[in-house]
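The values are calculated or read from the model by the stated rules, or taken from the named source; none is laboratory data. Values in this document were obtained by computation on a predicted structure and should not be read as measured data. Cβ coordinates were reconstructed from backbone atoms using ideal geometry, including for glycine residues, and neighbour counts include every protein chain displayed.
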Amino acid sequence: MAPLAYTQKSSAYLAALTQEIDKKLQRALASPTQRRDLLQQLFADVALEVDDRARDIILNGEDAASRAEVQIKSPLCFYDVLADHFAYEPERGKRILDFIVQLWSQPFASHIFALLFHKWLFEVEVDSSDLLLRYSSALVQGAMNVFWIDVQTNTTHFHSLFQYLLEDVALVPERLKKIPLQAQRDLFLLLSRFIFLYNLDEKLDSFFHHFPDFRNALLVGGPADVFVIELTDQLQKLKVEPVLLHYLSRIKVLQGLELRMTTSTRLKTSLYSFTSPGGPMYPTRAVRHAAWDALDFLFPVGQFPRHVISLFFRLLYPWYWPSSCWNFVVSCIHAILYPITRVVFPTCNRMC
């Protein structure tokens, strides 16, 4: 999306927002005991969705087409607007950036930097290579932190940040080369872990095409192997059931990828770990079924032996037998009665 065309009123509103951020950062610097709370509050403020009144002020100078484009991009958050503001008017954010640099070691500092300056970093020339490395490292760390917030809350509140880093940085060589090679690698590893969360896996082919070179490529393989390795590590860390189910449903797009044997085995093992009750994963019934579906879809060879082995191991958990038997009976009844009701009550089924 092109930067918004601000009117005098909207520019004044953004100037007021910038001043408030400036004040809170000054308070954080002056109050070591309250620093964490103040930074957390500031992070929450910039991550808020823009309310209707503020949206009207900010979009006042836009034509109908541009306003419609922004309306589609929902929710529009304060960090979206401020990131544009600081990228295209860098002097406005210079003091804020200086304050954040002084607070690097504090919790939420990297979060705030990633939200407010993710566009600035790729639009403004940074002369010092040391500063560039520090900024790009803070961007990757802060972005990872906010994406994990979306995982823990089962939301996609920071979708626009992820989309920018993927579509406007990772897939645009001119922008990507503005940050050091190690930061490029770290960025691609980060995007690999969350691309399913934000439903952008249709970009995988282009994503693989732009993958930077890795030093250990001879050991880990090509872009697809690196991606799958990161993805399997991510799966093991997911503890929120809806998010894990979402990943397992999207993972089927990996069918047909040419992977090394070790990478393929790693993916298979990761999926298999979710198919059995009990430790170490303690997956729910829904997760087990989703994992079986993904495993059988991606690795149809050996499907029958896998299920037989799984059944054997299920016998090691007798406390799960009653629920398993009950679910089996319910499934059988449903499988028998559902076709009958469709035949006996066809009109009702069409209405339903």
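Against the condition crowded, with 17+ Cβ neighbours inside 10 Å and in a helix (DSSP H, G or I), how does residue 121 come out, does it pass?
Numbers: crowded, with 17+ Cβ neighbours inside 10 Å: yes; in a helix (DSSP H, G or I): yes.
For residue 121, the condition - crowded, with 17+ Cβ neighbours inside 10 Å and in a helix (DSSP H, G or I) - is met.
Taking the range 248-276 as the search range and keeping residues that are of a type outside the set (A, V, I, L, M, F, W, C) and buried (at least 19 other Cβ atoms within 10 Å of the Cβ), which one is modelled with the lowest pLDDT?
Only one residue fits best here, namely 276.
Determine whether residue 239 is within 18 Å of the chain's Cα centre (by Cα) and more than 22 Å from residue 116 (Cβ to Cβ).
Against the criterion (within 18 Å of the chain's Cα centre (by Cα) and more than 22 Å from residue 116 (Cβ to Cβ)), residue 239 qualifies.
So is residue 206 more than 18 Å from residue 114 (Cα to Cα), more than 14 Å from the chain's Cα centre (by Cα) and among the small types (Gly, Ala, Ser) or not?
Yes.
Being over 26 Å from residue 305 (Cα atoms) and of a type outside the set (S, T, N, Q): is that true of residue 215 here?
Against the criterion (over 26 Å from residue 305 (Cα atoms) and of a type outside the set (S, T, N, Q)), residue 215 qualifies.
Scan 190, 204 and give me the residue that is in contact (Cβ under 8 Å) with a residue 12 or more places away in the chain, more than 25 Å from residue 100 (Cα to Cα) and of a type in the set (A, V, I, L, M).
On inspection, the qualifying residue turns out to be 204.
For the range 13-64, what are the residues that are out of contact with any Leu (no Cβ under 8 Å at 6 or more places or on another chain), touching a residue at least 24 places away in the same chain (Cβ under 8 Å) and aliphatic (A, V, I, L, M)?
15, 48, 54, 57 - these are the residues of the range 13-64 that are out of contact with any Leu (no Cβ under 8 Å at 6 or more places or on another chain), touching a residue at least 24 places away in the same chain (Cβ under 8 Å) and aliphatic (A, V, I, L, M).
Yes/no matrix, rows are residues, columns are (1) under 22 Å from residue 118 (Cα atoms); (2) at pLDDT 95 or above; (3) surrounded by 14 or more Cβ atoms within 10 Å (Cβ to Cβ); (4) not acidic (Asp, Glu):
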site: 6; (1), (2), (3), (4): yes, no, yes, yes
site: 16; (1), (2), (3), (4): yes, no, no, yes
site: 31; (1), (2), (3), (4): no, no, no, yes
site: 38; (1), (2), (3), (4): yes, yes, yes, yes
site: 55; (1), (2), (3), (4): yes, no, yes, yes
site: 60; (1), (2), (3), (4): no, no, yes, yes
site: 64; (1), (2), (3), (4): no, no, no, yes
site: 74; (1), (2), (3), (4): yes, no, no, yes
site: 84; (1), (2), (3), (4): yes, no, yes, no
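Restricting to the range 284-302, and then to whatever is part of a loop (DSSP other than H, G, I, E, B) and touching a helix residue (DSSP H, G or I) at 6+ places or on another chain (Cβ under 7 Å), can you tell me which residue is surrounded by the fewest Cβ atoms within 10 Å (Cβ to Cβ)?
284
Check the range 221-228 and report whether any residue there is surrounded by fewer than 19 Cβ atoms within 10 Å (Cβ to Cβ) and among the charged types (D, E, K, R).
Within the range 221-228, not a single residue is surrounded by fewer than 19 Cβ atoms within 10 Å (Cβ to Cβ) and among the charged types (D, E, K, R).
So for the range 168-186 (the condition being over 27 Å from residue 114 (Cβ atoms), surrounded by fewer than 18 Cβ atoms within 10 Å (Cβ to Cβ) and in contact with an Asp or Glu (Cβ under 7 Å, 6 or more places away or on another chain)), does at least one residue qualify?
no
Return the total of residues in the range 124-133 being surrounded by fewer than 16 Cβ atoms within 10 Å (Cβ to Cβ) and part of a helix (DSSP H, G or I).
Looking only at that region, the number is 4.
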